[in-house]
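The structure under discussion appears below in the form of structure tokens.
The values are calculated or read from the model by the stated rules, or taken from the named source; none is laboratory data. Just so we're clear, the structure is a prediction, and the values are computed from it rather than from any experiment. Every residue, glycine among them, receives a Cβ derived from its backbone with ideal geometry; neighbour counts consider all protein chains shown. Accessible surface is based on the protein model in full, side chains and every heavy atom, while ligands, DNA and RNA are left aside. Shrake-Rupley method; radii C 1.70, N 1.55, O 1.52, S 1.80 Å.
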Amino acid sequence: METVLRYFAPGECYDELFVKYNFFHAQCFPTLLSRFLSFQIVLGAVLVKVPQIIKILQAGSVQGISMLAIFLELVALTFTGSYNFAKQFPFSTYGENLFLGVQVFIIWLLIFYYNDQAALGGILAVLYVGVLYSLLSGMVPLKFLIYLQSSAIPIFITSRVSQIINTFRLGSTGQLSFITTILLWSGALTRVFTTIQETSDPLMLTQFIIATTLNTIIMIQFFMYWSVPPDGKKQQ
């Protein structure tokens, strides 16, 4: 139990919080809160895209989901995860990238499957795994990974903007999951705080601020098209 508590309250914070019971210590309380929130984000990321996957499978359709947006999201998650892994940041500060990446990868394959392009999807999946291995194995220099992380920000913006434009064009959120969108929005907003508290990495902070803003727009679209069915045609 002490080992777990020392993870959430490292160094002198353990004594301040759990020996002296100084729960509102100016430096230790934010650290405790940040680590707890980070743990919750990583834990939540295990299932965050599952509602989206289930909705696709139940509908047997990927209507309203932008292939470009999903692909770019996968690329951004891959670059971000690889960068954080190489920088040896605590897993709690970026672990959701691993779980989100797996789920986005599944959605990406489902898009190919429901568009009758399963063979092409399989080939691209093999290529992706090869690239992922090279990024995580140390074959790619840190300097290049920093460049990739820098590029992940405009890639992520393009991904979200592509989905936003696709929704406006369709006049419906299609098979997008409202639950998944809320979880992504809350996770990005929380990451703004945990990044400031634990790493202060400007690249990561910028990405999470942008993610919160764009996910807010997508949430607004759900309310705009709440009564519109997935095919984009309003009920008479």
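Looking at segment 28-56, which of the residues that are under 18 Å from the mean Cα position of the chain (by Cα) and among the charged types (D, E, K, R) is farthest from Leu184 (Cα to Cα)? Looking at residues that are under 18 Å from the mean Cα position of the chain (by Cα) and among the charged types (D, E, K, R), I get Arg35.
Any residue at all in segment 124-133 that is over 24 Å from Leu98 (Cα atoms), over 21 Å from the mean Cα position of the chain (by Cα) and open to solvent by 30 Å² or more (accessible area, probe 1.4 Å)? No, segment 124-133 contains no residue that is over 24 Å from Leu98 (Cα atoms), over 21 Å from the mean Cα position of the chain (by Cα) and open to solvent by 30 Å² or more (accessible area, probe 1.4 Å). Beta carbons closer than 7 Å, at least 6 apart along the sequence or on distinct chains, pair a first residue in segment 114-135 that is free of Cβ contacts under 8 Å to residues at least 12 places away in the same chain and farther than 19 Å from Leu57 by Cα with a second that is open to solvent by less than 70 Å² (accessible area, probe 1.4 Å) and not in a helix (DSSP H, G or I) for Ser134/Val140. Name the residues in segment 171-204 that are among the charged types (D, E, K, R) and either open to solvent by 40 Å² or more (accessible area, probe 1.4 Å) or assigned to a helix (DSSP H, G or I) (or both), would you? Within segment 171-204, Arg191, Glu198 meet the criteria.
Name the single residue that is nearest to Phe193 (Cα to Cα) among those in segment 1-27 being among the hydroxyl-bearing types (Ser, Thr, Tyr) and over 26 Å from the mean Cα position of the chain (by Cα). Quick ask: steps written out before the conclusion?
First, the residues of segment 1-27 that are among the hydroxyl-bearing types (Ser, Thr, Tyr): 3, 7, 14, 21.
Next cut, over 26 Å from the mean Cα position of the chain (by Cα) only: 3, 14, 21.
Values: Thr3: 24, Tyr14: 21, Tyr21: 24 Å.
Here the answer is Tyr14.
This table checks each residue for (1) of a type in the set (S, T, N, Q); (2) more than 16 Å from Val62 (Cα to Cα); (3) modelled with pLDDT of 90 or more.
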{"site": "Ser162", "(1), (2), (3)": "yes, no, yes"}
{"site": "Ser172", "(1), (2), (3)": "yes, no, no"}
{"site": "Ala188", "(1), (2), (3)": "no, yes, yes"}
{"site": "Val192", "(1), (2), (3)": "no, yes, yes"}
{"site": "Phe208", "(1), (2), (3)": "no, yes, yes"}
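Scanning segment 9-35 for residues that are touching a Ser or Thr at 6+ places or on another chain (Cβ under 8 Å) and buried (at least 18 other Cβ atoms within 10 Å of the Cβ) gives Ala9, Cys13, Ser34, Arg35. Each residue in segment 60-88 was checked for being assigned to a helix (DSSP H, G or I), of a type outside the set (Phe, Trp, Tyr) and farther than 22 Å from Arg160 by Cβ, and 2 of them qualify.
From the list Phe208, Phe144, Phe168, pick out the single residue that is part of a helix (DSSP H, G or I) and under 17 Å from the mean Cα position of the chain (by Cα).
Working: Phe144 fails: under 17 Å from the mean Cα position of the chain (by Cα); Phe168 fails: under 17 Å from the mean Cα position of the chain (by Cα).
Only one candidate qualifies: Phe208.
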